Structure formats: C-alpha cells, structure tokens
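Structure, as structure tokens:
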Amino acid sequence: MDNNFDKVKSFILELGYSIEKEDKNENVFVIDNEEEGVKNMIVAIAEPIVIFQQHLFNLKKDDANIFKALLQKNQDIIHGAFIIDSTGTKVLFRDTLQLENLDMNEVAGTLNSLSLLMAEYGRKIVEFSA
C-alpha cells in the first residue's frame, strides 16, 4: 500500500500540483492547482483503485434541467464524470483509476480532463450554483 501512496504522490507532484494535506494512514491527499481549476481535490487510494474527487457546487434544489444538462455533458468528458453525492446536495467531478498498472499519463489524463471541463463548462457550473 505504501508503494501506491508514494507512486501517486510522485505523479501528483511531477504534474505540478501542490499537496495541501496528506494522510498516509488514511491514504488520502488534498491537492490544488488553481490555474488548472483544481482546488481541494481529494485523491484517495482504496486498493485496487485510486479515486479523484472534486467538489464543484452545491445544489440549491432538485432541478431536472440541471440533472439533464450534467448527464448530457458527461458524454463529452474524456475521463471522469459528474456525480451527485449520497446526500443529494453536492455535485462533484469523480474519476477512478486502477492502481495495478497506474502510470503518470493516466493521472495526467484525469487531471487534464477536469481542467478542460472547467475551461469549457465553468460558466454553466457557476450558473447552476447560483
């Protein structure tokens, strides 16, 4: 497990992201790169996968139009997807990768996917959160 923790940590740092918090016992990082649209992203190692999760906005109410728009946009996202948390109040970006053969290109793909999503769809996300 420590090997995966160190491997994921090295990929994050090599890709230019800062680690704001880490807990090796819990296998969790909180990472940032605000220029890329990443702020307080949780990266959790849960053998056999690593989970990347970024809070995007809180839902003010159940709105079928927002849900429909998010689901439609999911088809354009290269890696990851929009999800709604178990409380039904938060919209997140989430991606999971297999640890067994994880390489830096896969981690970069996930992080770049979120950055691209924020660049293309950020205004809409702000609109949804208003």
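FYI, it's all coordinate maths here, none of it is from the lab. Note that the structure is a prediction, hence the values are computed from the model and not measured. Note that we place each Cβ from the backbone using ideal geometry, even for glycine, and neighbour counts take in every protein chain shown.
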Of the candidates LEU71, LEU59, LEU97, the one satisfying the condition of being among the hydrophobic types (A, V, I, L, M, F, W, C) and under 18 Å from PHE29 (Cβ atoms) is LEU97
| message | Tell me yes or no: at least one residue of the range 68-83 is surrounded by fewer than 17 Cβ atoms within 10 Å (Cβ to Cβ), over 21 Å from GLU20 (Cβ atoms) and among the basic types (Lys, Arg). | response | yes
Expected single match for in contact with an Asp or Glu (Cβ under 7 Å, 6 or more places away or on another chain) and surrounded by 13 or more Cβ atoms within 10 Å (Cβ to Cβ) among VAL50, VAL43, VAL30, VAL91 is VAL30
GLU36 vs (1) surrounded by 15 or more Cβ atoms within 10 Å (Cβ to Cβ); (2) in contact with a Ser or Thr (Cβ under 9 Å, 6 or more places away or on another chain); (3) without any contact (Cβ under 8 Å) to a residue 40 or more places away in the chain: all pass except (3)
Taking the range 94-115 and keeping only residues that are charged (D, E, K, R) and assigned to a strand (DSSP E or B), one is left with ARG94, ASP95
